[in-house]
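Have a look at the structure below, then the notes.
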Amino acid sequence: MQSNFVDYVKINCRAGHGGAGSASLHREKYIDKGGPDGGDGGRGGHIILIGSVNLWTLLEFRFKKHFRAQHGGRGGKSRSTGADGDDIILLVPIGTIARDEEGEIIGEITADGQQLIIAKGGKGGLGNWHFRSATRQTPRYAQPGIEGEEGQITLELKILADVGLVGFPNAGKSTLLSAVSAAKPKIADYAFTTLTPNLGIVDYRNHQSFIMADIPGIIEGAAEGKGLGHRFLRHIERNSNLLFLIPADTEDYAKEYSILLNELQKFNPELLDKGRILAISKSDMLDDELEAEIKSQLPTDVETIFISSVSGKGITELKDLIWKKLHE
Ligand SMILES: Nc1nc2c(ncn2[C@@H]2O[C@H](COP(=O)(O)OP(=O)(O)OP(=O)(O)O)[C@@H](O)[C@H]2O)c(=O)[nH]1
Ligand SMILES: [Mg+2]
């Protein structure tokens, strides 16, 4: 799913123009000059985003980037109104943010079925019927339709997961995700294996579930662009909880933890307001004695747990802990 995950696309949108109003004059046998009866033009089609819980990526916009909605129909005689142009509906995942060419946010999709017009169809012109008056009984004027909005729209996806994994490269984040969900992220013993976020649904007791987000590893100086930088942190901005992973074979746990916190803070101080759990990963490498010793070195202001994605140690307890945090 790694290469299929697309979280940033630019698409070109052109909404439909409004149809022109009609300047028709009523004709009837034996009546010399009929009155104005020109109808209004129809509205041009909008381009509309609609939120869907069944989508997780903006992938399909990598293949189709141009969208043109239909123009509104012209007004006709006998005050008949032109048809509205068909709207174009683009289904997007929850957490999609749309921006205009200046980078201003047009809106954000936060719920299933929510609609957001990203390019507005032009209004149809008024027909001459509207312009009749006592002194102008046969207006030959009708309004043209208004042009539809046109431009490049940026769609950006913020993952809405319940728990985000935070750790140095190689901490075992992707391995944990693959152990608790059906996701199949790439796993390897070198740094920066994960280049784009992975999501997985974690089944919990009694048919319940929560979503876990695995993001690329963070290193000291990420805020200054070291490693992959910290732009991926925006994916955990809205995770309600953060699960820190520090491997058992780390020299200084407290130091690694504070480096991670520091990088999060530099990106967005609000990240530190989230619920936190600290897991010591790869603890299959520890015996009881070593584990007890490490325990005494861990920070005390956060709940800690020893886990192993390989042996399964602590995984059920970890899920319980996450579930408890999510429902606190
Ligand atoms: N012994 C042991 N090894 C593990 C465990 N979890 C992960 N590993 C190993 O640690 C290495 C890194 O695992 P990944 O899951 O790719 O680490 P990551 O945190 O996703 O790394 P990046 O994507 O580079 O940030 C791999 O060689 C894994 O096999 C564990 O519970 N026990
Ligand atoms: Mg990884």
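Each reported figure results from applying straightforward, stated rules to the coordinates on display, with no laboratory input. These numbers come from a predicted model, not from an experiment. Cβ sites come from the backbone with ideal geometry, for glycine too, and all protein chains shown count toward neighbours.
Let me spell out the model: positive unit charges on the Cβ of Lys and Arg, negative unit charges on the Cβ of Asp and Glu, origin at the Cα centre of segment 1-157. What dipole size does that give, in debye rounded to 20?
1020
What number, in percent, do you get for the relative contact order of the chain if the mean sequence gap of Cα pairs under 8 Å and at least 6 apart is divided by its residue count?
Answer for the chain is 16 percent.
Compare the Cα positions of Q114, I48, V163 along the charge dipole of the chain (+1 at Cβ of Lys, Arg; -1 at Cβ of Asp, Glu; about the Cα centre) and return the one farthest towards the positive end.
Most positive-ward Cα: I48.
With point charges of +1 on the Cβ of Lys and Arg and -1 on the Cβ of Asp and Glu, referenced to the Cα centre of segment 181-257, which listed residue (A254, F244, N198) lies farthest in the positive direction of the dipole?
Of the listed residues, the answer is N198.
Roughly speaking, what % of Cα-Cα pairs in segment 92-179 are separated by over 23 Å, rounded to a whole number?
So the pairs more than 23 Å apart make up 58 percent of the total in segment 92-179.
Which stretch or stretches of segment 192-234 have amide N atoms under 19 Å from the point lying 7 Å from L326's Cα along the Cα→Cβ direction?
198-215
Could you tell me which of the pairs K226/K274; K64/K173; K10/K173 are separated by over 28 angstrom between their Cα atoms in the structure shown?
In this structure, K64/K173; K10/K173 lie more than 28 Å apart at Cα.
Can you give me the long-range amide H partners of H230? Hydrogens built in the peptide plane at 1.01 Å from N, cutoff under 5 Å, separation of 5 or more residues or another chain.
Those qualifying (amide H under 5 Å, at least 5 residues apart or on another chain) are G225.
What area, in nm² and to one decimal, does the C-alpha convex hull of the chain cast on average over all directions?
22.7
Using a basic spin-label model with each label point 7 Å from the Cα along Cα→Cβ, how many nm lie between E317 and A254?
Each label point is offset 7 Å from its Cα along the Cβ direction, giving 2.2 nm.
Cα axis of helix 315-326 to longest principal axis of the chain: angle in degrees, 0 to 90, nearest 10?
50
Could you compute the FRET efficiency for R27 and H66, with r as their C-beta to C-beta distance and R0 at 45 Å, rounded to 0.05?
Efficiency at R0 = 45 Å is approximately 0.55.
Go from 0 up to the bin containing the longest alpha carbon distance in segment 1-157, width 5 Å each, and give me the % of pairs per bin.
Per 5 Å bin, starting at 0, the Cα pair percentages come out as 2, 10, 15, 16, 13, 10, 8, 7, 6, 5, 3, 2, 1, 0, 0, 0.
What relative contact order, as a whole-number percentage, does segment 1-149 give when Cα pairs under 8 Å and 6 or more residues apart are counted?
So the answer I get is 35 percent.
In square nanometres, what is one fourth of the surface area of the convex hull spanned by the alpha carbons of segment 223-309?
That works out to 6.0 nm², a quarter of the Cα hull's surface.
Whose amide H sits under 5 Å from the amide H of L242, counting only residues 5 or more places off or on another chain, with H placed in the peptide plane?
For L242, whose amide H was placed from the backbone, the distant partners under 5 Å are G164, G275, R276, I277.
By how many degrees, 0 to 90 and rounded to 10, does the Cα axis of helix 253-267 deviate from the longest principal axis of the chain?
20
Of G82, I153, G95, which is farthest towards the positive pole of segment 69-171's charge dipole, taken about the Cα centre with +1 and -1 on the beta-carbons of Lys, Arg and Asp, Glu respectively?
Farthest towards the positive end: G82.
What are the ³J(HN,Hα) couplings of segment 303-312, residue after residue, when phi is run through the Karplus curve with 6.51, -1.76, 1.60 and θ = phi - 60°? Round to Hz, x for glycine and proline.
6, 10, 8, 9, 9, 9, 6, 7, 8, x
Run through the DSSP bridge list for the chain and note the antiparallel percent, rounded to the nearest 5.
About 50 percent, rounded to the nearest 5.
Taking θ = phi - 60°, what integer Hz values does the Karplus form 6.51 cos²θ - 1.76 cosθ + 1.60 yield along segment 123-134, in sequence order, with x for Gly and Pro?
Listing the rounded values in order: 6, x, x, 7, x, 5, 3, 5, 9, 6, 7, 4 Hz.
Please report the antiparallel percentage of DSSP beta bridges with both residues in segment 1-157, rounded to the nearest 5.
70
On the principal axes of its Cα set, how long, how wide and how thick is segment 161-326? Give whole Å, largest value first.
39, 37, 31
Could you give the size of the charge dipole of the chain about its Cα centre, using +1 on the Cβ of each K and R and -1 on the Cβ of each D and E, expressed in debye and rounded to the nearest 20?
That gives the chain a dipole magnitude of about 2540 debye.
From the helices alone, meaning DSSP H stretches of at least four residues, give me the mean residue ellipticity at 222 nm for the chain, per-run term -39500 (n - 2.57), in deg cm²/dmol to the nearest 500.
About -4000 deg cm²/dmol.
Provide the convex hull volume over Cα atoms per residue for segment 166-240, in Å³.
So the per-residue hull volume is 82 Å³.
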